[in-house]
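To keep things clear, I will list the structure first and then write my remarks on it.
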Amino acid sequence: MAAGEAIVRVRGLDVDFGGTAVLHGLDLDVYRGEVLGCVGGSGTGKSVLTRAILGLVRKRSGTVEVFGRNVDHLVQGERAAIERRIGVMFQQGALFSGLTVKQNVEVPMREHLRLSPRLSDELAMLKIELAGLDPGAAGKYPSELSGGMTKRAALARALALDPELLFLDEPTSGLDPIGAADFDDLIATLQRTLGLTVFMVTHDLDSLSSICDRVAALADKKVIAAGPISAMLASDHPWLRAYFHGKRAHRIQVLPGISAGADGPPEAGAGGLPAQM
Amino acid sequence: MDLPEGPEFSSANEGDALRLVLCGRWTVDASAAIETRAEALLAESRKARQVVFDLGRIVRLDTAGAWLIGRTRQTLSAEGIEARLESVRPEFEILLREANYHTLAMPARGGGSYLLRILADTGETVVSAGADLYRGVGFLGEVVAAIAKSLVNPSHFRATPLVFHLESIAFRGTPIIALINFVSGAILAQQGIFQLRRFGATVFVINLIGILILRDLGVLLTAIMVAGRSGSAITAELGSMKLQEEIDALMVMGLRPADILIVPRILALIISLPILTFIADMAGLFGGLLVSWAYEGITPVRFLTGLQTAVGFHTFFAGIIKAPFMALVIGLIACVEGLAVAGSAESLGRHVTSSVVKSIFMIIVIDGLFAMFFAGIRY
């Protein structure tokens with residue numbers, strides 16, 4: 001699966017803020033149909049990487065290709081067409097505060113599509129349901145939602161146009177472990193159902209081990225390693241060892257299968273993936 | 001890839017069943033087309049007793065496509081027509097299951113008749129105006145108590161924010177306030193001269209300008225400008241602090257927002273507005289002086305001598321005494337509105353607007369009250 005076509009291809013990405021380099025010479029591929037987890041310490045530029053791919057922060061150099069098109073060479077119409085195929089869930093939800101949840105989901109549909117009110121209502125409610133929200137929440141305003149509901153509403157909006165590529169910025173942060181596990185299942189189900197490609201920034205080791213096909217680790221301003229979680233566990237890189245074998249990581253060690261895979265080189269090699277630096 | 005663009009289907013009779021082969025992309029980007037094709041699919045299916053939907057040639061299917069196929073089948077089965085699915089790919093099967101058609105609970109829309117809504121809105125406005133007044137008075141009490149407390153115990157007084165707000169309200173507001181008053185003084189003089197020329201009484205333009213600017217116009221224009229410039233800023237600051245839970249953070253630290261945020265702003269307004277009014281008066285008179293000189297040859301010396309006989313200290317005082325009251329009202333309204341912001345960016349915008357509108361309205365009301373008061377005491 002992972003060896004397929006790269007939907008997102010980043011090469012030599014440099015981003016700096018006020019002269020300080022945040023990302024330098026970063027390479028990354030996201031393959032069609034996979035769930036890629038992006039990990040890294042706080043302030044290593046995970047969110048900046050997401051925003052750079054989405055064109056929300058200016059990069060100094062490097063190329064970003066999405067769906068095989070260099071995003072710098074797109075004219076207005078092409079850019080809009082590509083953005084329609086991408087769904088983004090921001091860390092804080094970024095729901096429009098003046099609109100109800102249902103209206104939030106309908107915003108992209110209303111702007112990009114011409115649907116009858118009936119179908120648009122039905123699809124919005126379907127997305128809200130798929131995202132695991134109670135239908136009663138559809139008429140609520142973002143300020144009336146709890147943290148978990150905000151995440152789900154943001155996911156419903158990200159799914160509004162049935163995107164092929166979904167960006168999730170810390171989808172499970174701030175959720176209780178049960179809610180987080182539900183959310184992971186939800187993302188996995190949606191990914192299977194809709195054939196999504198998911199790029200997920202996360203700190204949640206459980207998410208990484210349960211739903212991510214591959215993990216890209218950010219440190220020293222670039223992707224220091226990318227591969228299945230078993231390869232991460234087997235890596236000797238000091239930061240990866242600290243991250244995946246730290247105190248809080250002990251839980252995933254005991255999961256059967258993962259720990260067995262950790263010292264199984266065939267699986268680690270099977271990905272045949274780049275950037276194993 | 002040579003995909004047939006958009007959703008399509010072809011039909012063929014197969015015994016007593018109708019076979020509908022769906023092909024192309026049954027996805028939501030087809031927009032209106034997907035709905036019209038689904039309608040056509042339904043119309044076509046109604047011709048037979050038994051229908052088979054062959055999904056084998058669908059290139060792409062998403063929730064919208066799956067939903068519409070499900071909806072069509074459901075409609076048909078309600079009409080007694082059996083619709084079977086054939087050659088469904090496994091990945092579509094999950095999608096068809098997850099996005100299967102079912103009735104959804106829609107959030108209730110605001111119902112009621114139009115007339116009823118107007119009445120309800122009117123009632124709500126009256127009640128909220130009453131609540132505004134109540135809150136305003138309560139707030140005034142809180143502010144006075146906070147000021148009194150800092151007088152009793154001066155170490156509690158926060159001088160740094162006061163100076164900061166004095167700078168932003170008075171110092172940075174001076175140029176624009178001096179400019180608009182200068183210009184309006186000049187315009188007033190010019191219009192006055194044109195009218196008074198008909199009676200050969202142009203020299204009275206000095207009285208006109210002196211009394212009008214000092215008693216009313218200077219303070220009124222300044223207060224309106226401050227309401228628009230600083231009142232709105234205060235509402236926006238407090239409102240966005242409210243939205244970011246900063247005010248809650250202050251409260252749980254045991255700090256009172258009234259002491260920290262409100263008192264410095266209101267005191268700064270009360271100190272600033274008389275100063276700005278004085279500057280505005282001078283700028284307005286200067287504008288009148290220049291125009292009188294240019295149009296009528298009234299020299300500055302003659303203008304100033306005339307001014308001394310035309311206006312007394314009480315004229316100036318009748319204007320400047322209003323400034324602190326207007327400042328207090330601007331501050332109270334701005335703070336009450338700022339703290340009333342809740343939930344959304346839209347609410348912030350609404351409260352900033354109503355802060356400015358209410359302030360300006362109240363400034364004019366106060367001006368009117370003072371006019372009646374001064375008339376009553378023959379000042």
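Residues in segment B:118-136: is at least one modelled with pLDDT under 90, farther than 30 Å from A:Val101 by Cβ and touching a helix residue (DSSP H, G or I) at 6+ places or on another chain (Cβ under 6 Å)? Looking through segment B:118-136, at least one residue is modelled with pLDDT under 90, farther than 30 Å from A:Val101 by Cβ and touching a helix residue (DSSP H, G or I) at 6+ places or on another chain (Cβ under 6 Å). For B:Ile247, the test of being open to solvent by less than 20 Å² (accessible area, probe 1.4 Å), assigned by TED's automatic domain parsing to the domain that holds B:Asn207, β-branched (Val, Ile, Thr) and at negative phi is passed. Within segment B:253-281, the set of residues being under 25 Å from B:Ile177 (Cα atoms), open to solvent by 40 Å² or more (accessible area, probe 1.4 Å) and aliphatic (A, V, I, L, M) comprises B:Ile270, B:Ile271, B:Ile275, B:Ile279. Which residues, taken from segment B:1-60, are on the phi > 0 side of the Ramachandran plot and within 50 Å of the chain's Cα centre (by Cα)? Matches in segment B:1-60: B:Gly6, B:Gly24, B:Ser31.
Pairing each residue of segment B:88-108 that is farther than 21 Å from A:Arg118 by Cα with any residue that is part of a loop (DSSP other than H, G, I, E, B), provided the two are 6+ apart or on different chains, yields C-beta distances under 8 Å for B:Glu91/A:Gly195. Residue count for segment A:69-107, restricted to those that are surrounded by 16 or more Cβ atoms within 10 Å (Cβ to Cβ) and of a type in the set (Asp, Glu): 2.
Among the criteria (1) of a type outside the set (D, E, K, R); (2) open to solvent by 10 Å² or more (accessible area, probe 1.4 Å); (3) in contact with a Phe, Trp or Tyr (Cβ under 6 Å, 6 or more places away or on another chain); (4) outside any strand (DSSP E or B), the one B:Gly65 does not fulfil is (2). When segment B:80-102 is limited to residues that are in contact with a helix residue (DSSP H, G or I) (Cβ under 9 Å, 6 or more places away or on another chain) and assigned to a loop (DSSP other than H, G, I, E, B), the one that is nearest to the other protein chains (Cβ to nearest Cβ) turns out to be B:Ala99.
Tell me, yes or no, whether segment B:119-138 has at least one residue that is touching a residue at least 24 places away in the same chain (Cβ under 8 Å), assigned to a loop (DSSP other than H, G, I, E, B) and open to solvent by 60 Å² or more (accessible area, probe 1.4 Å). No, segment B:119-138 contains no residue that is touching a residue at least 24 places away in the same chain (Cβ under 8 Å), assigned to a loop (DSSP other than H, G, I, E, B) and open to solvent by 60 Å² or more (accessible area, probe 1.4 Å).
Confirm whether B:Leu162 is over 25 Å from the mean Cα position of the chain (by Cα), crowded, with 16+ Cβ neighbours inside 10 Å and closer than 30 Å to B:Val226 by Cα. Here the answer is yes, as B:Leu162 does meet what is asked. Looking at A:Leu161, is it within 25 Å of the chain's Cα centre (by Cα), facing chain B (nearest Cβ under 8 Å) and farther than 24 Å from B:Ser344 by Cα? Considered against the rule, which asks whether it is within 25 Å of the chain's Cα centre (by Cα), facing chain B (nearest Cβ under 8 Å) and farther than 24 Å from B:Ser344 by Cα, A:Leu161 comes out as yes. When we screen A:Val88, A:Val64 for residues that are in contact with a Phe, Trp or Tyr (Cβ under 7 Å, 6 or more places away or on another chain) and not in a helix (DSSP H, G or I), the only hit is A:Val88.
Screening A:Val101 on (1) within 12 Å of another protein chain (Cβ to nearest Cβ); (2) without any contact (Cβ under 8 Å) to a residue 24 or more places away in the chain shows it passes everything except condition (2).
Yes/no matrix, rows are residues, columns are (1) more than 30 Å from B:Asp248 (Cα to Cα); (2) small (Gly, Ala, Ser); (3) touching a Leu at 6+ places or on another chain (Cβ under 9 Å); (4) at pLDDT 95 or above:
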{"residue": "B:Thr309", "(1), (2), (3), (4)": "yes, no, no, no"}
{"residue": "B:Gly312", "(1), (2), (3), (4)": "yes, yes, no, no"}
{"residue": "B:Leu332", "(1), (2), (3), (4)": "no, no, yes, no"}
{"residue": "B:Cys335", "(1), (2), (3), (4)": "no, no, yes, no"}
{"residue": "B:Ile364", "(1), (2), (3), (4)": "yes, no, yes, yes"}
{"residue": "B:Phe374", "(1), (2), (3), (4)": "yes, no, no, no"}
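Only a single item in (1) away from chain B (no Cβ under 14 Å); (2) assigned to a helix (DSSP H, G or I) is not met by A:Glu129, and it is number (1). For segment B:1-51, the tally of residues that are within 14 Å of another protein chain (Cβ to nearest Cβ) and either in a strand (DSSP E or B) or polar (S, T, N, Q) (or both) stands at 6. Taking the criterion of being closer than 15 Å to A:Lys46 by Cα and either of a type in the set (S, T, N, Q) or open to solvent by 10 Å² or more (accessible area, probe 1.4 Å) (or both), the residues of segment A:195-218 that qualify are A:Thr202, A:His203, A:Asp204.
Which of the residues belonging to segment B:316-355 are open to solvent by 40 Å² or more (accessible area, probe 1.4 Å) and among the basic types (Lys, Arg)? Matches in segment B:316-355: B:Arg350 only.
Suppose we keep only residues that are more than 26 Å from B:Ala170 (Cβ to Cβ) and assigned to a helix (DSSP H, G or I) within segment B:309-361. Which one would you say is farthest from the other protein chains (Cβ to nearest Cβ)? Only one residue tops the list, namely B:Thr309.
A quick yes/no check of all residues on (1) crowded, with 20+ Cβ neighbours inside 10 Å; (2) out of contact with any Asp or Glu (no Cβ under 9 Å at 6 or more places or on another chain); (3) at negative phi; (4) of a type in the set (Val, Ile, Thr):
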{"site": "B:Ile169", "(1), (2), (3), (4)": "yes, yes, yes, yes"}
{"site": "B:Leu179", "(1), (2), (3), (4)": "no, yes, yes, no"}
{"site": "B:Gln190", "(1), (2), (3), (4)": "no, yes, yes, no"}
{"site": "B:Arg198", "(1), (2), (3), (4)": "no, yes, yes, no"}
{"site": "B:Asn207", "(1), (2), (3), (4)": "no, yes, yes, no"}
{"site": "B:Ala223", "(1), (2), (3), (4)": "yes, no, yes, no"}
{"site": "B:Gly228", "(1), (2), (3), (4)": "no, yes, yes, no"}
{"site": "B:Thr235", "(1), (2), (3), (4)": "yes, no, yes, yes"}
{"site": "B:Met251", "(1), (2), (3), (4)": "no, yes, yes, no"}
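The values are calculated or read from the model by the stated rules, or taken from the named source; none is laboratory data. This is a predicted model, so every value here is computed, not measured. Reconstructed Cβ throughout: ideal geometry from the backbone, glycine too, with neighbour counts over all protein chains shown. Side chains are part of the model used for accessible areas, which takes the heavy atoms of the whole protein and leaves out ligands, DNA and RNA. Shrake-Rupley method; radii C 1.70, N 1.55, O 1.52, S 1.80 Å.
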